Amino acid sequence: MLKRLARVVAYIHDHLDEKLDLNRLAEVACPLYHWHRIYHGFFGETAAATVRRLRLHRAANELVRGSMPIDGIAERAEYSNVQAFSRAFQASYRMPPAQFRNEGGAVSFAAISCDKPHSGVTAMHQVDIRTQVAVHGRGGRA
């Protein structure tokens, strides 16, 4: 199962500029109906949340290291407009993108580490993988 989930994560990293929907990610993982529940249980976030988080992380790097205009960064991160991008960015980084760019991101990371000291404990959810007998439609036979 770990190999299947690693394929999905690698695919997300390699295709951030493309439309990434659950159907495509399920195809990458395997033909499991509930693969997204396994993904969530294993990583503690949905695949869609992983995509959003990684796109915002890349955007933060582009703001500090690059010269692309904020509207271009917002578009590349798949936000419909700068306002939506700014709201999402501020929710994650505690400051608007322009301020993050001007301050080099340093203040944001210092504030986060002071507000929430890292305990060294990673939250992991217990995942049980069970094999179940196939359920057939009416009549009881396939």
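Where a number appears in this text, it was derived from the coordinates with a stated rule and is not lab data. These figures come from a predicted structure and were not determined experimentally. Because the Cβ atoms are built from the backbone with ideal geometry, glycine has one as well, and the counts that use them run over all protein chains shown.
Points worth noting:
- From least to most packed, judged by other beta carbons within 10 angstrom and beginning with the fewest, Leu2, Leu22, Leu54 follow the order Leu2, Leu22, Leu54.
- Listing Val8, Val133, Val28 from fewest to most neighbouring C-beta atoms within 10 Å gives Val133, Val28, Val8.
- Order of Tyr11, Tyr39, Tyr79 - criterion: other Cβ atoms within 10 Å of each residue's Cβ, fewest first: Tyr11, Tyr79, Tyr39
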